Structures are given as structure tokens and as C-alpha cells.
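K.L.:
Provided herewith is a single structure, encoded as C-alpha cells, for subsequent inquiry.
The values are calculated or read from the model by the stated rules, or taken from the named source; none is laboratory data. As the structure is a prediction and not an experimental result, all values here were calculated from the model. Backbone-built Cβ (ideal geometry, glycine too); neighbour counts: all protein chains shown. These area figures cover heavy atoms from the full protein model, side chains too; ligands, DNA and RNA do not enter into them. Shrake-Rupley method; radii C 1.70, N 1.55, O 1.52, S 1.80 Å.
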Amino acid sequence: LPQGSVSRNVRPLDRLPEGAGTTLLIVGVEPLLISDADVRFLTRFAASGGRVVIAVPDRPVMLPEDGDDAGKEGDGDGEEGGGKKEKTKKKAEKEGQACDPKKGSCAACGDLCESLWGASFTEGKSKGVKEARIAEAAQDALPEAVPWRGDVRIKTEDEHWRTVYTAGGAPVVAERALGEGSVVLCADSYLFSNEALAGDR
């Protein structure tokens, strides 16, 4: 990459510098391990002009869909889980923290979709798809198709997201502006693997 330099970040996310002119790759991370605090730090990085790219494994650990085991062990809409969520939201409001995924500044209330700037990763229903194809609305100078290994899809909650690639008709790469920068979600990390770089660049 003659026009730039590459380095590995070994510092905690709360010590990230401002992001102007920098792309931060977070590859192979389980969605459930991205904390609310992480999102706040990444929001700050992107808003200052950086680009955050989050790529999950092809078979990440997924939360159950709405209605599946809801309320079990206090994780769904049960009294314990709902009460905990409400307390967290009230605490965030008291401390003056915004809880608005459309502005990319939530991360206070603990909902997975809100914690990812109004988007979430969901299980796909089209196993066996071998490639992702560029979305019609994408105008970037990108390949028409890229190799794909995962069966995870991206669900967006608002109009701020733009689908870049689809697999089996569902979004698998999506992008949204955030302040002076942007955030990209990628539902597979194969593209960043040594195997893909060696044989499917």
C-alpha cells in the first residue's frame, strides 16, 4: 500500500487517537463482545473523520430472534431483563448521554441493534451462497462480486444505512456516515483472511 501505512492497534479503544484519514479494521469479532463503551469510543473515532470497519466471523454467536426464549434468564422482555434495560436507559438520561441510534450516539440502553448504530447482525437463510454481489444503489468503484463464506445478514433500522453488497438478496455489507467519517459493517471476515488475500484477492 504505497500511499499509506499499516499498523496494529494494541491500545484500549478509549485511547484511540482522532480518526481523520485513518481506517480502523476490527476483524473477526463476535458481535456480542462489542460493548456499549466500545461503541462510544468507535463513534468518537468515526465522528472525527475516521472509518470504522467491523467484520464478524462467518458463524458468530447470535442472540435469539424476538420471541425465542424471551425473558429467559432476564435477557429478553421478562420482568428482570426489561427492568434492567429501563434502569440503564434512565441512568443514561440522568447522566446526559444521548440514546439515539440515528445520530450514532447511543450505546446507553443495551439493545444490540442500537449499540451498532441502528443495525444488527442476524442469521441468514440462504446457506450455500458463494458470492456477494454489489447493490444497485452502490456507485463505488468496487468489484461486481466478491467471494462469500458466511450465512449472516445485516438488518438496518433506519434510512442512514446504505447497502453495499448483498448475498441471497439480503444485505451483507452496509455503510453509514457518522459525523465527519463513516462506519462499515461486514457480515463475514473471509475477505480479510490470509486465504482470501492469497487466492481470492
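K.L.:
Looking at region 174-201, I want the residues that are within 16 Å of residue 138 (Cβ to Cβ) and touching a residue at least 24 places away in the same chain (Cβ under 8 Å) and have a partner that is assigned to a loop (DSSP other than H, G, I, E, B) and open to solvent by 10 Å² or more (accessible area, probe 1.4 Å) with Cβ atoms under 6 Å, at least 6 apart or on another chain. Which pairs are those?
P.N.:
174/161; 176/160; 176/161
K.L.:
For region 123-134, indicate whether the set of residues that are in a strand (DSSP E or B), modelled with pLDDT under 90, more than 13 Å from the chain's Cα centre (by Cα) and of a type in the set (Asp, Glu) is non-empty. Don't jump to the end; show me each part of the working.
P.N.:
Kept after step one, since they are in a strand (DSSP E or B), are these residues of region 123-134: 123, 131-134.
From what's left, modelled with pLDDT under 90: 123.
Cutting the leftovers down to more than 13 Å from the chain's Cα centre (by Cα) gives us 123.
With of a type in the set (Asp, Glu) added as a condition, the list becomes 123.
Checked against the condition, which is being in a strand (DSSP E or B), modelled with pLDDT under 90, more than 13 Å from the chain's Cα centre (by Cα) and of a type in the set (Asp, Glu), region 123-134 yields at least one hit.
K.L.:
Something else about it: Would you pick out the residues in region 19-28 that are assigned to a loop (DSSP other than H, G, I, E, B) and open to solvent by less than 30 Å² (accessible area, probe 1.4 Å)? Break it down into steps so the answer makes sense when it comes.
P.N.:
Our first condition is that a residue be assigned to a loop (DSSP other than H, G, I, E, B); within region 19-28, this holds for 19-22, 28.
Scanning region 19-28 gives a single hit, 19.
K.L.:
Is at least one residue of region 12-34 at pLDDT below 90 and among the polar types (S, T, N, Q)?
P.N.:
Checked region 12-34: no residue is at pLDDT below 90 and among the polar types (S, T, N, Q).
K.L.:
Also, quick follow-up: Within region 41-66, which residues are open to solvent by 30 Å² or more (accessible area, probe 1.4 Å) and modelled with pLDDT under 90?
P.N.:
Of everything in region 41-66, those that are open to solvent by 30 Å² or more (accessible area, probe 1.4 Å) and modelled with pLDDT under 90 turn out to be 58, 59, 61, 62, 63, 64, 65, 66.
K.L.:
Now, a different point. So if I check each of 179, 168, which one is farther than 30 Å from residue 18 by Cα and open to solvent by 20 Å² or more (accessible area, probe 1.4 Å)?
P.N.:
Numbers: 179 fails: farther than 30 Å from residue 18 by Cα.
On inspection, the qualifying residue turns out to be 168.
K.L.:
Give me a count of the residues in region 182-199 that are more than 23 Å from residue 21 (Cβ to Cβ) and either open to solvent by 10 Å² or more (accessible area, probe 1.4 Å) or not in a loop (DSSP other than H, G, I, E, B) (or both). Walk me through how you get there before you give the answer.
P.N.:
As a first pass, look at region 182-199 and keep what is more than 23 Å from residue 21 (Cβ to Cβ): 187-190, 193-199.
Next cut, either open to solvent by 10 Å² or more (accessible area, probe 1.4 Å) or not in a loop (DSSP other than H, G, I, E, B) (or both) only: 189-190, 193-199.
Final tally of qualifying residues: 9.
K.L.:
In region 148-165, which residues are touching a strand residue (DSSP E or B) at 6+ places or on another chain (Cβ under 6 Å) and either open to solvent by 20 Å² or more (accessible area, probe 1.4 Å) or touching a residue at least 60 places away in the same chain (Cβ under 8 Å) (or both)? Outline the logic, then answer.
P.N.:
From region 148-165, those touching a strand residue (DSSP E or B) at 6+ places or on another chain (Cβ under 6 Å) are 148, 152-156, 160-165; that's our starting set.
The answer is 152, 155, 156, 160, 161, 162, 163.
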